[in-house]
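See below for the structure under consideration.
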Amino acid sequence: MTQTVTVPLGDRAYDIHIGRRNLHFVKEWLQLRGPRGAAGLITDSNVGPLYADRVRAQIEEAGWRCVVHTMPAGEANKRLDRIEEICGAMLEGGLDRGSVMVALGGGVVGDVAGFAAACFMRGIPCLQVPTTVVAQVDSSVGGKTAVNHPLGKNTIGMFHQPVAVVIDMELLESLPVREVRAGCAEIIKHGVIADAALFAYMEANARNILDGDLDALVYPIARSCEIKAAVVTQDEHELGLRANLNYGHTFGHAIETVSQYSLFLHGEAVSLGMCAAGALGGNLGLVDREFMERQRSCLAAYGLPVRWPELPVSDALAAMKKDKKARSGKLKFIVPERMGAVMQRTDITEEQARAALASLKKED
C-alpha cells in the first residue's frame, strides 16, 4: 500500500508517494504532463547500475525519450562543475524547455540534479526518486538544491521545488547499513524538533530497522515527510520556522567542511551536530542531562557517532562563520527546549559555540 503526503504549495503543490513497487508514479506523472518530450535521468555510478534501467523503462513507457547521465558518486562530486556537465549532457541529448529531469539517487544526486533543473533553460521540472533514507526524509522534499564550495557546504544553490517525490522502499534493499544509519539521524532529528512520539518510536525500533525490516521504516519515513511538508508549507524559503529543520546542521555542516566531506556521511555529521546542539541547550539551562543522554543514546543505538575526539574546534568554529545561515555575522542556532520542541537563538556567543563543539571531544 502506498501512502501519499502532499506538500500544499498552491499551484506548485506536489505529492510524496511512499510504498513498495511504486515506480509507476514516474510514468503516471509523465503521462499526465504531456506533450511527450525528452526526460533527463540523472543518477550516479553507485545507483545507476542497480536501478537506472527500471526508471528508464517507466519514462519510456510514458512515451518520453530518456537521456541518461551518470555522475561519479560521493559528496566530493557535489560541486559547481557538475552542473555545467549535466546541462551540457542535456543539451547534447536534445532537452528543451518542455523537458523534465528525473533525479535517481541519494542526497548528492538529488541536490545536483535539482540545481541543474533549476538552471537549465532557466528552469524545468524535476521529479525526485530518492534511493537513500536521508534523501527520502530530507533532501528530496522541500526544494532546497545546492552544491558545495571548499569554504562551506551547500553555499551555492537555489530553491526549486520538485514536481513529485517517488519513494520506493524496495530501492533501500541494496543500501549499505551505514547509509541506513545515517538516514536515521535525520528521522531522529525530526522527532527531537517536532514529535516526541516519533523519537520514542525510533528508540524502540532500532534493532528492527537496522536488521533491514523495511516495513518498520515506512511509518518514520512518512511521518518525517509530513513534518517537513508542514514546515515547508509555512516557510518555503527559510525565513523563520523552516530553520528549525536545521537542528544539528550548523554544527554538522562545519564538521563536514573541516573533515573535507570525506570522513563522515551527512547523517553522521548531523548526529554529531545534534549532540553539540544538545550540549549547547544544556549549557543554556534549556534541557537537562536526561535529555542529552536520551538523545545521545538513541543516536548511538543506530551506530551513529556521538563523539569526535580529533575534532579541530577552532577550524570548525571558523567554518561555522561562513555558514549560509549567518546574518550580519550572527549565526542562528537551533537549540532544544524539550523532546519534540526546539527554539531559535541568535544570541549565542563564540565561547558558547566553542564549548558545545569541545563537548564532542570529551568522554563523560
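The values are calculated or read from the model by the stated rules, or taken from the named source; none is laboratory data. Model, not experiment: these values are computed from the prediction. Cβ placement follows ideal geometry from the backbone for every residue including glycine, while neighbour counts extend to all protein chains displayed.
Summary of values
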| item | result |
| --- | --- |
| Test result for A300, at pLDDT 95 or above, of a type outside the set (S, T, N, Q), over 28 Å from Y14 (Cβ atoms) and in the same structural domain as D213 (by TED's automatic domain parsing) | yes |
| Within region 119-164, considering residues that are small (G, A, S) and over 29 Å from S259 (Cα atoms), the one surrounded by the fewest Cβ atoms within 10 Å (Cβ to Cβ) | G123 |
| Matching residues, region 107-134, being aliphatic (A, V, I, L, M) and within 22 Å of F264 (Cβ to Cβ) | V108, V109, V112, V133, V134 |
| Given (1) among the acidic types (D, E); (2) more than 14 Å from F251 (Cα to Cα); (3) in contact with a His (Cβ under 8 Å, 6 or more places away or on another chain), index of the condition D323 fails | (2) |
| Restricting region 168-202 to residues that are loosely packed, with under 15 Cβ neighbours inside 10 Å and touching a helix residue (DSSP H, G or I) at 6+ places or on another chain (Cβ under 9 Å), the residue that is farthest from G105 (Cα to Cα) | A197 |
| Subset tally (residues that are acidic (D, E) and in contact (Cβ under 8 Å) with a residue 40 or more places away in the chain) for region 332-364 | 2 |
| Some residue of region 22-38 being of a type in the set (G, A, S), assigned by TED's automatic domain parsing to the domain that holds V112 and either closer than 15 Å to L104 by Cα or modelled with pLDDT of 95 or more (or both) | yes |
| Output for region 153-181, where each listed residue is under 21 Å from W29 (Cβ atoms) and not hydrophobic (A, V, I, L, M, F, W, C) | H160, Q161, P162, D168, E170 |
| In region 39-65, the residues that are under 23 Å from G107 (Cβ atoms) and of a type in the set (A, V, I, L, M, F, W, C) | A39, L41, I42, V47, L50, A52, V55, I59 |
| Single unsatisfied condition, S262 versus (1) of a type in the set (G, A, S); (2) surrounded by fewer than 23 Cβ atoms within 10 Å (Cβ to Cβ); (3) under 22 Å from L198 (Cα atoms) | (3) |
| Residue satisfying all of: in region 275-299; among the aliphatic types (A, V, I, L, M) and over 20 Å from the mean Cα position of the chain (by Cα); surrounded by the most Cβ atoms within 10 Å (Cβ to Cβ) among these | L280 |
| Scan of region 179-195 for residues that are basic (K, R) and either touching a strand residue (DSSP E or B) at 6+ places or on another chain (Cβ under 6 Å) or over 14 Å from C225 (Cβ atoms) (or both), ordered by number | R181 |
| Conditions (1) within 18 Å of G183 (Cα to Cα); (2) in contact (Cβ under 8 Å) with a residue 60 or more places away in the chain; (3) of a type in the set (A, V, I, L, M, F, W, C); number of the one not met by L263 | (2) |
| Some residue of region 210-228 being outside any helix (DSSP H, G or I) and under 18 Å from I16 (Cβ atoms) | no |
| Total residues in region 321-364, condition in a strand (DSSP E or B), modelled with pLDDT of 95 or more and surrounded by fewer than 16 Cβ atoms within 10 Å (Cβ to Cβ) | 5 |
| Which listed residue, of M292, M274, is assigned to a helix (DSSP H, G or I), in contact (Cβ under 8 Å) with a residue 60 or more places away in the chain and in the same structural domain as A194 (by TED's automatic domain parsing) | M274 |
| Out of P150, P125, P72, sole residue that is within 21 Å of the chain's Cα centre (by Cα), under 24 Å from K228 (Cβ atoms) and either in the same structural domain as K27 (by TED's automatic domain parsing) or modelled with pLDDT of 95 or more (or both) | P125 |
| Qualifying positions in region 227-239 - touching a residue at least 40 places away in the same chain (Cβ under 8 Å) and surrounded by fewer than 18 Cβ atoms within 10 Å (Cβ to Cβ) | T233, E236, H237 |
